[in-house]
1. At least 2 residues that are modelled with pLDDT of 95 or more and open to solvent by 80 Å² or more (accessible area, probe 1.4 Å) in each: list the strands (runs of 3 or more DSSP E) lying fully within the stretch 129-234 that qualify.
2. In the stretch 54-67, what count of residues is obtained for those that are within 11 Å of the chain's Cα centre (by Cα) and of a type in the set (Gly, Ala, Ser)?
3. Thr108 passes all but one of (1) more than 21 Å from Ala178 (Cβ to Cβ); (2) at pLDDT 95 or above; (3) in a loop (DSSP other than H, G, I, E, B); which number fails?
Amino acid sequence: MKNSILKYLPLLFIFLFTACEFEDVMSDDELIDAIINAEEKVQILEYDLPIDAKNTMSSDIPDDFFDKGNLASQLGYQINMRSFDFFFLGVKSDDIFFDLSGRELFRTEGYNKNDDKKDDDGKDDDGKDDDGKDDKSDKDGKKDGKKDRKKNCFYLEYPVSLELPDGSSIKVNDKKEAIESLKKWYNQNPDVKEKANLVFPISIYWVEKKEKIKYDVESEIEMKELFSKCKGSKDKEKKD
């Protein structure tokens, strides 16, 4: 048995070396293109990702969540994300990409996405779906790169109720339960592009100067006004 294992070790080393060498000579743009255009992809679950990729998603993209993922052999991962932004609940976000080690891949600034093929969801690389509708990333005016990602500056007080695009509603007790409910519904209704909504009234809070401030919110319009105030406060802190 031991001899059988040893017999395959050279092949394993050759495979690993070839994969690493192939990946090292490619730029992020080239590797992303290769992943998108790969003919053979294996569908994965979130827990199949390398630990570095999981950490990036939880720390750098807290307001998006994993929807579906694919592994392109010897290349890397393409992850379809959905939004947990309170104003775009459940809407498709930009796909994110990782190399085999879990390092996130970024487009070069100014890269022409129109040169790419459509992704697996039929979304053009100009940020529009087949019907010409803009997705969340266009509404955000988001560019490529970590520095341009927006994060909610306030937090929900649970439990809350979510109104789904079909008019049904569901009560959730925490963020994890909310994400799992949205993921399940959109996976069962893959052609639906409309967002889910919070059922008002709700309570929100944020921490400013180590003080937890709570607001009772009666409508989405009121929440947008508070968001503008909160965002203005965050921008001021950055300048200071």
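1. Passing ranges, in order: 169-172.
2. 1
3. Looking at each condition in turn, Thr108 falls short on (2).
Yes or no, residue by residue, for (1) charged (D, E, K, R); (2) under 12 Å from the mean Cα position of the chain (by Cα):
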| residue | (1), (2) |
| --- | --- |
| Asp48 | yes, no |
| Gly69 | no, yes |
| Ile79 | no, yes |
| Phe86 | no, no |
| Gly90 | no, yes |
| Asp94 | yes, yes |
| Asp99 | yes, no |
| Gly110 | no, no |
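The values are calculated or read from the model by the stated rules, or taken from the named source; none is laboratory data. Nothing here was measured: the structure is a model prediction, and the numbers come from that model. Quick reminder, even Gly has a Cβ in these numbers, built from the backbone with ideal geometry, and neighbours come from all protein chains shown. The area values use the complete protein model at the heavy-atom level, side chains included, leaving out ligands, DNA and RNA. Shrake-Rupley method; radii C 1.70, N 1.55, O 1.52, S 1.80 Å.
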